Amino acid sequence: MRTFPVEIALDPSSETPLFLRIARAVMDDIRRGRLKPGAPLPSSRALAESLGVHRNTVLAAYRELGAEGWIETSPAQGTFVSTAIPDMATQRSSSKAQAGIAARLGFDMSSASTAAPVHAHKRGTIVLSAGTPDVRLLPTEIIARAYRRAARSSDKRLFDYGDPRGDERLRVALAAMFGSVRGIVASPEEVLVTRGSQMALDLTARALLSRGDVVAVEALGYRPAWEALGQTGARLVPLAVDEEGLSVDALEALADRENVRTVYLTPHHQYPSTVVLSPPRRLRLLELARTRRIAIIEDDYDHEFHYDGRPVLPLASADRAGVVVYIGTLSKILAPGLRIGFVAAPAPLIDRLAAIRYFVDRQGDLAIERAAAELLEDGEVQRHARRMRRIYQDRRDALASALHKHLAGYLDFTVPSGGMALWLRVAADIDVDAWAERAAEHALVVHAGKRYAFDGRSRPFFRTGFAALNEREIREAVARLAASRPRSAKARM
């Protein structure tokens, strides 16, 4: 009887079928190089006797090994390790083999830049920089009921492959919301549902841009958006932002010099400065885009949260030339974790986005989308938005009051008419970046202006979000910011 060259441990407590344990033991020894290509294996009868198992068990193990290409059998000669498998012994490192994922890459990654990931913060840290909603106030039971109804629906297509544009009921509900609240007349065929506005932007970038195309962006802005645009190989050109928003003069001058393909901006509450694009600039931008065939990517990320006066309608509401691609999200109204964003644009672009999305993500979570559709149809989203608008306005005022009380002379700002954050100018004789670092030592996260600058250079600003913090947390955050301010600063403004 031929002696089997490896040992096979047959753990009687294992729930794995015996034939699979035998097959995997042989695979492991081939991987380790203990069984080399072409090495003979014992007959099924001999191995069964050696292991004390039924011959059919060994036959089943050999069939599994043969089906996966690990061994080959010749009726006249016997069973052998497949010669098609490379000699693993010659490929192993001289160090001891280690199970699990390797510590180093065995290949090269793309040289394309990527934004730094968001890191978790230590317990007790207050994040004053986030422009995110307070998910603690989310009506989770209402959302859960809507999801349960969707999951129990007789429409089982919600759990099958579906339209990459998104659930039709949600697209109908979003189109109705656009018309009633945002002044945008759109059909369901002109709406695409995405997993958050970042996916909407990424798909739009893929559809509109090619390597070398020129994209105008705000010189102070949202870096993840710049990354999505830049991943296409497009060349981003920053344009100045002032108290009236993006400089349309600068955009026109750029368009005179180069073929500008797209402009990306946040006109409602400019990110991060919170200023609103002025009416004259809105009109000029739409006309410039029409005459120069420039696509406008309008990111309206927090439309519902306008507190003083009437909210300004989106650029898309006045677009008659088909130049605006309108991007938004329900993340700020409800919660980022629900991952529901959208694009509203002329149907030919929506069809193109859907085709790209098919190969990237196939489709969204149709059950979640159906639940969101029901929440919109029943008015729950609108009621929650109205409630949050009152709460966030109070929090905006609380933050402004605390800053005036404790940091007058160090910080100056204009209370914005809407949005979820304040943009604070730091006194000229203060090192804003050093202050941010000192704040971190006091368990406070606050982002300085360079985080939002296209060139990455220092800017004398802080961005402070108030929506995710209650009024007690806001007071504590300002106390920590005051405690960490540079003592040597004269702070005259």
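Quick notes
- At 0.692 mPa s and 37 °C, Stokes D of region 42-82 from Kirkwood alpha-carbon radius, µm² per second: 319 µm²/s
- Expressed as a fraction of 2.2 N^0.38 Å, the C-alpha radius of gyration for region 400-439 is 1.23.
- From the alpha carbon centroid of region 271-314 to that of region 170-224 is 13 Å.
- Amide proton proximity set for V276, modelled H, under 5 Å, gap of 5+: Q270
- For region 358-372, backbone phi angles converted through the Karplus equation (6.51, -1.76, 1.60; θ = phi - 60°) give residue-by-residue couplings of 4, 8, 9, 9, 6, 5, x, 7, 5, 5, 4, 5, 5, 4, 4 Hz, Gly and Pro being listed as x.
- Here the Kirkwood formula puts the hydrodynamic radius of region 204-358 at 15.9 Å, using every distinct Cα pair.
- Distance distribution note for region 316-435: the fraction of Cα pairs above 18 angstrom is 70%.
- For V127, the residues 5 or more places off, or on other chains, whose built amide H falls under 5 Å of its own are V445.
- Shown here: region 112-193, whose C-alpha atoms stretch 45, 34, 32 Å along the first, second and third principal axes, sorted largest to smallest.
- Restricting region 158-252 to chymotrypsin sites (Phe, Trp or Tyr not before Pro) in coil, as DSSP defines it, with at most 10 other Cβ within 10 Å: Y161
- Under 5 Å, built H, 5+ apart or other chain: amide partners of L236: V215
- The value for the chain of Rg(Cα) / (2.2 N^0.38 Å) is 1.30.
- Computed FRET value (nearest 0.05) for D242 with A84, which takes r as the C-beta separation and R₀ as 60 Å: 0.35
- 3J(HN,Hα) from dihedral phi, region 75-84, Karplus parametrisation 6.51/-1.76/1.60, rounded to Hz, x for glycine, proline: x, 8, 10, x, 10, 9, 5, 4, 6, 7
- Structural descriptor for the chain: relative contact order 17 percent, calculated from alpha carbon pairs under 8 angstrom and at least 6 residues apart.
- The base-10 log of I(q)/I(0) for region 313-373, evaluated at q = 0.24, 0.29 Å⁻¹, reads -1.12, -1.19 [Debye formula, identical scatterers on Cα atoms, solvent excluded].
- From helices alone, the chain scores -11500 deg cm²/dmol at 222 nm; the rule is -39500 (n - 2.57) for each run of n ≥ 4 DSSP H residues, then divide by the residue total.
- Region 422-460 versus region 9-60: alpha-carbon centroid distance in Å: 64 Å
- Shown here for region 382-469: trypsin sites (Lys or Arg not before Pro) in loop regions (DSSP other than H, G, I, E, B) with at most 14 other Cβ atoms within 10 Å, namely R457.
- Taken one residue at a time, the phi angles of region 182-195 give Karplus couplings (6.51, -1.76, 1.60, θ = phi - 60°) of 10, x, 9, 8, 9, 8, x, 6, 9, 10, 10, 9, 10, 7 Hz. Gly and Pro are set to x.
Bear in mind that the values in this text are calculations on the coordinates, not laboratory data. Note that the structure is a prediction, hence the values are computed from the model and not measured. Don't worry about glycine lacking a Cβ; one is built from the backbone with ideal geometry, like all the others, and counts go over all protein chains shown.
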